[in-house]
Structure formats: C-alpha cells, structure tokens
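See below for the structure under consideration.
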Amino acid sequence: MNELNLEHLDSFCDAWLRKADNIDIEPLDGVFDRFFTLWVVYNRLYEEAARFMLRDEHPIYTRFISRRGSRIFAPAPDRLSATKGVTLFCGHASLRRLIYENEAVFEGLQNVVNSIQWGEFYLHENYETGEPHIAKDRLVTDKAIRGDVESVLALIYQARCNLFHGQKSFTEPQRALINSLISILIEVITCLRGEISYRAQNA
C-alpha cells in the first residue's frame, strides 16, 4: 500500500466540503449538487479505508485479494467498501451512536425509511418486471430503522447509484429525502476522517 499523505487527504476533503457548503440548496438541483459533492468526499474516504483493510488482509476482502493476483493496486469492490467496509472500519457502535443518538440525524433516517416504505421513492428494481422491488426495499429499510448501520449505508449507496446513473428523475418530493441522506452522510464522513487520521498517525 502506498503511504497515505494525510495532509493531502485533508486538503482534498476540506476543499470539497467547502464546495458543498457553498452550494445554494434553495433550487432543487442545488440539493442534488450538494449530495453529489459530498459523495466525492465519501468516495475518496472509503477507498482510503479499504486500502488500510486490504493491507491488513481483512476477511471481507479475502475473495477479492485471491482474485486480483499481481494487480495489487486494483481498487477494492466499490459497493462492499462503501457499506460493509465503512461499517467495520469505523466500528458499528461508533456509527450507530452518530446516526441513532443524534435526534436530527435519526429523524432524517426515519424520513428516508418512510419515503421508501410509503412508495414515494424506491431504490431497487425487479429486473424481470421493471417494476419497483418493494420487498427488497422493505427488507433494507426495516433493518436500517432497527439499528443496522450497514443497511443505512446501503440505502445511501443505492440512492447514489440511482441518482448518479440517471435512473430516477429529479422531483420536488425528493428534496426532503435527499436532505436527510445528506445529514447522515456528513456524520459518516466525519467519522471516517477521524478513523483514517488516527490509523495513519498510529501506523
């Protein structure tokens, strides 16, 4: 693993976080712009976290490590790193406190879950019928609201995939949902930065 330059990482994150803060979220497209801008930071951080875990040959990457062969700089699986990887890297308990014990953030999570369960927004699609995969959405949201951090991160990741790849249109009812995802994402980013900094300084 190449040695992490923590100063460069902090500079990168700070620049993109300032950019996110400066986005006008009064227009609807501004809300989406802020989410995508924060995702740039999150993406960089979970990739850095994955590098630490790959160096330590963490069990969740066993299959990936065995298949990459001499391609030792190949990036880890994106979805795995953004969900299970972040949960294990930061610690389920730490993330759980940030999400479930912060009243405003937990209210945001409830809003996301309700929006999905009430059919205002869906994440997964049945690839045989082309219709929303309601059962799969409900499974993830039920686990998320009961305290499963990995499921919360899976909700955010799937929402990002849908929005980024243009599978869902931008509509006003999505404003509250995206703002709620943003509130959760900010807390996760803060936790990731702290853990990466700690590990880099104590390696």
- Might you check whether a residue that is open to solvent by 50 Å² or more (accessible area, probe 1.4 Å), more than 18 Å from the chain's Cα centre (by Cα) and hydroxyl-bearing (Ser, Thr, Tyr) occurs anywhere in the stretch 110-128? yes
- Item | Residue check for Leu139: open to solvent by less than 50 Å² (accessible area, probe 1.4 Å) and of a type in the set (A, V, I, L, M) | no
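Could you tell me which of the residues Asp14, Asp24 is part of a loop (DSSP other than H, G, I, E, B), at pLDDT 95 or above and surrounded by fewer than 13 Cβ atoms within 10 Å (Cβ to Cβ)? It would help to see each step written out before you state the result.
Working: Asp14 fails: part of a loop (DSSP other than H, G, I, E, B).
Residue meeting the stated conditions: Asp24.
Does Ser70 fit the bill of being polar (S, T, N, Q), at pLDDT below 90 and open to solvent by 90 Å² or more (accessible area, probe 1.4 Å)? Give the steps one after another, and end with the answer.
Working: polar (S, T, N, Q): yes; at pLDDT below 90: yes; open to solvent by 90 Å² or more (accessible area, probe 1.4 Å): yes.
So Ser70 passes the test.
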- In the stretch 175-197, is there at least one residue being modelled with pLDDT under 90, surrounded by fewer than 20 Cβ atoms within 10 Å (Cβ to Cβ) and not aliphatic (A, V, I, L, M)? yes
- Message: Quick check on my filter: what residues within the stretch 36-62 are closer than 15 Å to Ile182 by Cβ and either open to solvent by 50 Å² or more (accessible area, probe 1.4 Å) or modelled with pLDDT under 95 (or both)?
- Response: Phe36
- What do you reckon, is Val86 within 19 Å of Asn162 (Cα to Cα), surrounded by 18 or more Cβ atoms within 10 Å (Cβ to Cβ) and among the β-branched types (Val, Ile, Thr)? no
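When you look at Thr190, is it in a helix (DSSP H, G or I), hydroxyl-bearing (Ser, Thr, Tyr) and farther than 25 Å from Leu17 by Cβ, yes or no?
Numbers: in a helix (DSSP H, G or I): yes; hydroxyl-bearing (Ser, Thr, Tyr): yes; farther than 25 Å from Leu17 by Cβ: no.
No, not satisfied.
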- Take Ala76 and decide whether it is small (Gly, Ala, Ser), more than 18 Å from Leu155 (Cα to Cα) and at pLDDT 95 or above. no
- Query: Just checking, which of Glu150, Glu172 is of a type in the set (Asp, Glu), in contact (Cβ under 8 Å) with a residue 24 or more places away in the chain and surrounded by 13 or more Cβ atoms within 10 Å (Cβ to Cβ)?
  - Reply: Glu150
- Quick one: count up the residues across the stretch 132-152 that are in a helix (DSSP H, G or I) and out of contact with any Lys or Arg (no Cβ under 8 Å at 6 or more places or on another chain). 13
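The values are calculated or read from the model by the stated rules, or taken from the named source; none is laboratory data. What you see is a predicted model, and the numbers here were worked out from it, not measured in a lab. Using ideal geometry, Cβ is built from the backbone for each residue, glycine included, and neighbour counts are taken over all protein chains shown. To get the accessible areas, we keep the full protein, side chains included, count just its heavy atoms, and leave off ligands, DNA and RNA. Shrake-Rupley method; radii C 1.70, N 1.55, O 1.52, S 1.80 Å.
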